[in-house]
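Taking it in order: structure first as structure tokens, then the write-up.
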Amino acid sequence: MINILDLSQEELKNWLQDNNEKAFRAEQVFNWIYKGQWDFKEMKNVNTSAIDKLTANFYIGIPKVLEKLYSKDGTIKLLIALSDGNVIETVIMKYKHGNSICVSTQVGCRMGCRFCASTLGGRIRDLTAGEILSQILLAEVIISGKISNVVLMGSGEPLDNFSNVIKFIELVNSPKGLNIGQRHITLSTCGLVPKIYELADKKLQITLAISLHASTDEKRKEMMPIANRYSINEILQACKYYTDKTNRRITFEYALVKGSNDTKEDAYKLCDLLKGTLSHVNLIPINEVTEREYQRSEDRAILEFYNILMSKGIETTIRREMGSDINAACGQLRRSYIDATR
Ligand code: SF4
């Protein structure tokens, strides 16, 4: 059986034609799915023979909600089970400008970032394009509204699941699909340099976010094993290539960890690195993870860091802490679930 969400409308059209059904049924079927009807038999305007063929060959892979946590700030965190029983997390954030979703792209992650709970059990498997998409379809039903921004920043390294992630972006961006503009999609990577070049060559208009988190290779290596493979310099060169190809500004994510990367010296070094680049820094007051030793920076240190960057002309924001009362840090909820069901 095939998850129908892994198919584009064009692919389903071809399949229907190959199976002696009308191509326009594809649009009808996907319209139902996007409206939240996930049972082929209930698709009223689709003829019986097409429904029988679809039922015999496809399933609609919407995950099952295991847990739903509501934060005081409106953030909703979902713990969901995929069709094979693997569990992932999805976070829905409500902003004045619309609803955002942070989707997972892999079950677990093999990148080993030391501040992250998603990587504690390693990478189990990649998500398919349809499984990434299904998180949005589910979210829209849960909030009875539209998702307008997508962030690929949940569990998993998106560029470590390159072809599925590219297909997901195509599906979500398609006017026949959810029609979410590429500029409303942000892909966050820990810095897989060759894949950044490959992504740049696709010339998409998505925002690329780099999880930098340190201003020297030595400090970065302490936090992120990937820093042993690629230096900050190599990442910045790849980012320049991305900007040249797409004209898009890069976002640098910087999680502030108390006493580790949040000193004035770190801030000045970061300014030197980013001087003259088309970039934006997003400072993240870290969510503490029980299994990890990292602590959140003090407010005074966060503000000082911010002021230094701004004084050097580097556009900087401090990320609002969303859902900190509901274990919203990457992978925390899934981790608690795995521990509890062991
Ligand atoms: S921060 Fe992202 S890349 Fe790093 S281990 Fe966690 S999920 Fe993987």
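The values are calculated or read from the model by the stated rules, or taken from the named source; none is laboratory data. Since the structure is predicted, the reported quantities are computational estimates derived from the model, not experimental observations. Ideal geometry is used to build each Cβ from the backbone, glycine not excepted, and the neighbour counts take in all protein chains shown. What goes into the accessible areas is simple: the full protein's heavy atoms, side chains included, and nothing from ligands, DNA or RNA. Shrake-Rupley method; radii C 1.70, N 1.55, O 1.52, S 1.80 Å.
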Note on the range 215-229: residues over 12 Å from LEU273 (Cα atoms) and away from the ligand (no atom under 13 Å from the Cβ) are GLU218, LYS219, LYS221, GLU222, ASN228
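Restricting to the range 142-159, what's the tally of residues that are more than 20 Å from LEU66 (Cα to Cα) and under 12 Å from the mean Cα position of the chain (by Cα)?
Step one: list which residues in the range 142-159 are more than 20 Å from LEU66 (Cα to Cα), which gives 145-153, 157-159.
Then drop every residue that is not under 12 Å from the mean Cα position of the chain (by Cα), which leaves 149-153, 157-159.
So the answer is 8.
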Pairs with Cβ under 9 Å, 6+ apart, first in the range 112-134 and in contact (Cβ under 8 Å) with a residue 24 or more places away in the chain and not assigned by TED's automatic domain parsing to the domain that holds ASN164, second within 13 Å of the ligand (Cβ to nearest atom) and assigned to a helix (DSSP H, G or I): none
The correct count of residues that are away from the ligand (no atom under 16 Å from the Cβ), within 21 Å of ARG320 (Cβ to Cβ) and of a type in the set (Gly, Ala, Ser) in the range 112-149 is 3
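Pick from ILE147, ILE196, ILE210: which is under 28 Å from PHE58 (Cβ atoms), touching a strand residue (DSSP E or B) at 6+ places or on another chain (Cβ under 9 Å) and either crowded, with 18+ Cβ neighbours inside 10 Å or not assigned by TED's automatic domain parsing to the domain that holds GLN9 (or both)?
Values: ILE196 fails: under 28 Å from PHE58 (Cβ atoms); ILE210 fails: under 28 Å from PHE58 (Cβ atoms).
Just a single option satisfies the conditions, and that option is ILE147.
Among the residues that make up the range 44-64, is at least one of them touching a residue at least 60 places away in the same chain (Cβ under 8 Å), open to solvent by less than 50 Å² (accessible area, probe 1.4 Å) and not aliphatic (A, V, I, L, M)? Show your work before the answer.
Of all residues in the range 44-64, those touching a residue at least 60 places away in the same chain (Cβ under 8 Å) come to 61-63.
From what is left, the residues that are open to solvent by less than 50 Å² (accessible area, probe 1.4 Å) are 61-63.
Now drop any that are not not aliphatic (A, V, I, L, M), which leaves 61, 63.
Looking for residues that are touching a residue at least 60 places away in the same chain (Cβ under 8 Å), open to solvent by less than 50 Å² (accessible area, probe 1.4 Å) and not aliphatic (A, V, I, L, M), one finds at least one in the range 44-64, hence yes.
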Please go through the range 267-285 and give me each residue that is among the aliphatic types (A, V, I, L, M), surrounded by fewer than 22 Cβ atoms within 10 Å (Cβ to Cβ) and either touching a residue at least 40 places away in the same chain (Cβ under 8 Å) or in contact with a Gly (Cβ under 8 Å, 6 or more places away or on another chain) (or both), ordered by number. LEU273
Evaluation of ALA117 against (1) open to solvent by less than 60 Å² (accessible area, probe 1.4 Å); (2) in contact with a Pro (Cβ under 8 Å, 6 or more places away or on another chain) (one fails), failing number: (2)
Being more than 10 Å from the ligand (Cβ to nearest atom), open to solvent by less than 30 Å² (accessible area, probe 1.4 Å) and assigned to a helix (DSSP H, G or I) is the filter here; which residues of the range 150-178 pass it? ASN161, PHE162, VAL165, ILE166, PHE168, ILE169, LEU171, VAL172
Here's a check for you: in the range 179-214, which residue that is in a loop (DSSP other than H, G, I, E, B), out of contact with any Phe, Trp or Tyr (no Cβ under 7 Å at 6 or more places or on another chain) and over 19 Å from GLY108 (Cα atoms) is farthest from the ligand (Cβ to nearest atom)? ASN179
Within the range 232-257, take every residue that is surrounded by fewer than 16 Cβ atoms within 10 Å (Cβ to Cβ) and closer than 30 Å to GLY122 by Cβ and give me the one that is nearest to the ligand (Cβ to nearest atom). GLU234
Do you know which residues across the range 128-139 are touching a helix residue (DSSP H, G or I) at 6+ places or on another chain (Cβ under 8 Å) and closer than 14 Å to TYR34 by Cβ? GLY130, LEU133, SER134, ILE136, LEU137
State all residues of the range 84-111 that are near the ligand (Cβ under 10 Å from one of its atoms) and surrounded by 17 or more Cβ atoms within 10 Å (Cβ to Cβ); if no residue qualifies, say none. SER104, THR105, GLN106, GLY108, CYS109, MET111
